[in-house]
């Protein structure tokens, strides 16, 4: 190609709009689909969490571990980074207590562990990698990564009957909405989730169906 042809037909840059079917489309990656167009809400119900756990259990040799991660994240409103960082020294199986350390300058607290969680953790302790510091460990004994949990949860969602894409923070939101719908005090929910600002907790009580329970008598 000579200099004249180069000037007449310059190589398009990555930012040059590209015609598609006669319409100029912007170059670069496709635009992200807004969450509201992918699903109608950003929290999971208790039944949906149980369905995700069933799907996770059916997936290979680490099904129990994966289902236990979903259960703990939901029941304790854990962010994905808090979940994968859980260590055995935060767990008291004898007394049924869990030391929850929050990120984002959240307030740490001690949560009670109920029957389903205790059974899941005891089985994980018996059958998981021995001597490891982390509750949810990989085959090599190190902690599961945040990206690893996002992937396994997404796959469980695809193989379940939930019907829309799921991500880890929906488990935390599901916890907040469940506690609000059960009529728990907003301040107690704030402390349970580790919110510094109660306005972050109010979102759950604002759309709680419990507020409208007495509107119709029939």
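The values are calculated or read from the model by the stated rules, or taken from the named source; none is laboratory data. Bear in mind that the values here come from a model prediction, so they are computed numbers and not experimental data. Here the Cβ is made from the backbone with ideal geometry for all residues, glycine too, and neighbour counts use every protein chain on show.
Brief remarks on what is shown
- Output for the range 194-213, where each listed residue is within 21 Å of residue 110 (Cα to Cα) and out of contact with any strand residue (DSSP E or B) (no Cβ under 9 Å at 6 or more places or on another chain): 195, 196, 197, 198, 200, 201
- Condition met for residue 107 (within 27 Å of residue 191 (Cα to Cα) and modelled with pLDDT under 95): yes
- As a summary of the residue check, residue 189 satisfies the conditions (1) in contact with a helix residue (DSSP H, G or I) (Cβ under 8 Å, 6 or more places away or on another chain); (2) surrounded by fewer than 16 Cβ atoms within 10 Å (Cβ to Cβ); (3) outside any loop (DSSP other than H, G, I, E, B) except for the one numbered (2).
- Residue in the range 146-164 that is closer than 29 Å to residue 99 by Cβ, out of contact with any strand residue (DSSP E or B) (no Cβ under 6 Å at 6 or more places or on another chain) and not in a helix (DSSP H, G or I) present: no
- Residue in the range 20-37 that is surrounded by 10 or more Cβ atoms within 10 Å (Cβ to Cβ), at pLDDT below 60 and within 17 Å of the chain's Cα centre (by Cα) present: yes
- Hits in the range 194-215 (condition: in contact with a helix residue (DSSP H, G or I) (Cβ under 6 Å, 6 or more places away or on another chain) and modelled with pLDDT of 85 or more): 195, 198, 201, 204
- Qualifying positions in the range 92-115 - out of contact with any helix residue (DSSP H, G or I) (no Cβ under 9 Å at 6 or more places or on another chain), touching a residue at least 24 places away in the same chain (Cβ under 8 Å) and either surrounded by 16 or more Cβ atoms within 10 Å (Cβ to Cβ) or in a strand (DSSP E or B) (or both): none
- The sole residue among 193, 118, 152 that is under 20 Å from residue 59 (Cα atoms) and in contact (Cβ under 8 Å) with a residue 12 or more places away in the chain is 152.
Here's the yes/no breakdown for (1) modelled with pLDDT under 95; (2) in contact with a helix residue (DSSP H, G or I) (Cβ under 9 Å, 6 or more places away or on another chain); (3) surrounded by fewer than 15 Cβ atoms within 10 Å (Cβ to Cβ):
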| position | (1), (2), (3) |
| --- | --- |
| 121 | no, yes, no |
| 132 | yes, yes, no |
| 135 | no, yes, no |
| 140 | yes, no, yes |
| 151 | no, no, yes |
| 161 | yes, yes, yes |
| 165 | yes, yes, yes |
| 168 | no, yes, no |
| 171 | no, yes, no |
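- Some residue of the range 199-211 being over 21 Å from residue 71 (Cα atoms), more than 20 Å from the chain's Cα centre (by Cα) and not in a helix (DSSP H, G or I): yes
- Test: residue in the range 73-91 that is exposed (fewer than 14 other Cβ atoms within 10 Å of the Cβ), free of Cβ contacts under 8 Å to residues at least 60 places away in the same chain, farther than 20 Å from residue 172 by Cβ and out of contact with any strand residue (DSSP E or B) (no Cβ under 9 Å at 6 or more places or on another chain): no
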